[in-house]
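Worksheet for the structure shown next.
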Amino acid sequence: MIVLDIETSGMSISRSGVWQIAALDLISKDEFIDEARLDENDEITDEALEITGKTEEELRDENKQSQKELIQKFFYWLRNKKEKNFICQNPQFDIAWVSFRCEKYGIKKEYPYRAFDLHTIAQLKHSQIHGSFLLKEIKGEIKSDMNLPNILKFCGIPDERMYIRDGKVIQEGKPHDALEDCKLEGECFSRLVYGRNLFQEFKKFPVPNYLKQNDDGVNKK
């Protein structure tokens, strides 16, 4: 199982760039984390700078490797991993961005076709325990409310990261970092699927009783 997370310079896959890729092998605990410079025509949004704590000069640093080199280095790290299934909070985001860049730079894709969606796993567990999915109404439409902050809350882990909405900081906290997000997602995956703590740094946050399992893998009451 490989947890994958990326950091981008904006939300437009065609206009923004990927400046950081992180991955975490949940079996060996082996980590990958590296950065690249943005292309000259890559858009950088103010929100991306705010939430990552970076400057435009840092993201365009000519001394850094290219995004093509970053992706190739990630694929090289991935090659010797026995179990290559990805875990992402939102695979449609992380994998799509890497795929788009592979096509742009003419890189052969070296990752699995399918991925585990942490959002779906959390919704199914929430429904199993509480009898319903976690939903919210937005402009008259009912949508899923199982974002990473709510997954962390469901798993008993405080979210200490910064959040911005509509250009305004709604929660002060740590800048977003791809490897830190990989660890958060990996810890949640372990708690949701196996009912147990995975990483030592999260041991201080007890696994909620409703996620703990007995010897048969059934959630305790």
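In whole percent, what relative contact order does the chain give with Cα contacts below 8 Å and a gap of six or more residues? Please report the intermediate quantities before stating the final value.
Details: 361 pairs, mean separation 41.7, N = 221.
Reported as a whole number, the value is 19 percent.
Restricting to Cα atoms and excluding each atom paired with itself, what does the Kirkwood estimate give for the range 118-202 in Å?
Values: mean 1/r = 0.0714 Å⁻¹.
Roughly 14.0 Å, rounded to one decimal.
I'd like the FRET efficiency for ASN209 and LYS168, computed as 1/(1 + (r/R0)^6) with the beta carbon distance as r and R0 of 30 Å, rounded to 0.05.
Taking R0 as 30 Å, the efficiency between ASN209 and LYS168 is 0.25.
Report ³J(HN,Hα) in whole Hz for each residue of the range 207-213, in order, from the Karplus equation J = 6.51 cos²θ - 1.76 cosθ + 1.60 where θ = phi - 60°; Gly and Pro get x.
These are the phi-based 3J(HN,Hα) values: 5, x, 4, 6, 9, 5, 10 Hz.
With 10 angstrom as the radius, rank CYS155, CYS182 by how many other C-beta atoms surround their C-beta, starting from the fewest. Each step should come with its number before you reach the end.
Details: CYS155 22, CYS182 27.
By the 10 Å Cβ count, ascending, the order reads CYS155, CYS182.
With no solvent and one point on each alpha carbon, what is the Debye value of log10 I(q)/I(0) for the chain at q = 0.17 Å⁻¹?
-1.31
Using θ = phi - 60° and the Karplus relation 6.51 cos²θ - 1.76 cosθ + 1.60, list the HN-Hα couplings for the range 156-170 in order, rounded to whole Hz, with x at every Gly or Pro.
Karplus-based 3J(HN,Hα) across the range 156-170 equals x, 10, x, 9, 9, 8, 6, 9, 10, 9, 6, x, 10, 6, 9 Hz.
Hey, can you grab everything whose amide H is under 5 Å from the amide H of ARG161? Only 5+ residues off in sequence or another chain; H modelled, so Pro and N-termini drop out.
Result for ARG161 returns LYS174.
Do any of LYS136/LYS183; LYS29/LYS109; LYS136/LYS174; LYS73/LYS104 go past 20 Å between their Cα atoms, and which? Write out the running numbers ahead of the final one.
On the way: LYS136/LYS183 27 Å; LYS29/LYS109 23 Å; LYS136/LYS174 26 Å; LYS73/LYS104 16 Å.
Pairs exceeding 20 Å: LYS136/LYS183; LYS29/LYS109; LYS136/LYS174.
Report the residue, chosen from LYS168, LYS64, LYS54, that carries the largest GNM mean-square fluctuation when the chain is represented by alpha-carbon nodes joined by springs under 10 Å.
Taking springs between Cα atoms under 10 Å, the residue moving most is LYS168.
Starting from the range 98-137, pick out the trypsin sites (Lys or Arg not before Pro) whose DSSP state is loop and whose Cβ has at most 15 other Cβ atoms within 10 Å. Before the final figure, lay out the partial values.
On the way: sites: ARG101, LYS104, LYS108, LYS109, ARG114, LYS125, LYS136; in loops: LYS108, LYS109, ARG114.
In loop regions of the range 98-137 (DSSP not H, G, I, E or B), the sparsely surrounded trypsin sites (Lys or Arg not before Pro) are LYS108, LYS109, ARG114.
Where Lys and Arg each count +1 and Asp and Glu each count -1, what net charge lies around ARG161 among other residues with Cβ under 9 Å from its Cβ? Walk me through the numbers before you get to the answer.
Details: positive: LYS174; negative: ASP159, GLU160, ASP177, GLU180, ASP181.
That works out to -4.
Quick one: which residues, 5 or more positions from PHE86 or on another chain, have an amide H under 5 Å from its amide H? H modelled 1.01 Å from N in the peptide plane, none for Pro or chain starts.
Distant-sequence amide H within range of PHE86: ILE2, PHE116.
Give me, ordered by chain and number, the residues 5 or more places off MET146 or on other chains with an amide H under 5 Å from its own placed amide H.
The answer is none.
Apply the Karplus parameterisation 6.51 cos²θ - 1.76 cosθ + 1.60, with θ equal to phi minus 60°, to every residue of the range 68-74 and state each ³J(HN,Hα) to the nearest whole Hz, in sequence, with x for glycine and proline.
4, 5, 4, 5, 5, 5, 5
Would you compute, from DSSP H runs of 4+ residues alone, the mean residue ellipticity of the chain at 222 nm, taking -39500 (n - 2.57) per run and dividing by the full residue count, rounded to the nearest 500? Can you show the working numbers first?
Details: 7 runs with 76 residues, N = 221.
Mean residue ellipticity, 222 nm, calculated: -10500 deg cm²/dmol.
Convex hull over the alpha-carbon atoms of the range 2-116: what's its volume per residue in Å³? Could the numbers behind the result be given before it?
On the way: hull volume 12.0 nm³, N = 115.
Each residue corresponds to 104 Å³ of Cα convex hull volume.
Coordinate-derived values only; no laboratory data. This one's a predicted model, so the numbers in the text were calculated from it and none came from an experiment. Using ideal geometry, Cβ is built from the backbone for each residue, glycine included, and neighbour counts are taken over all protein chains shown.
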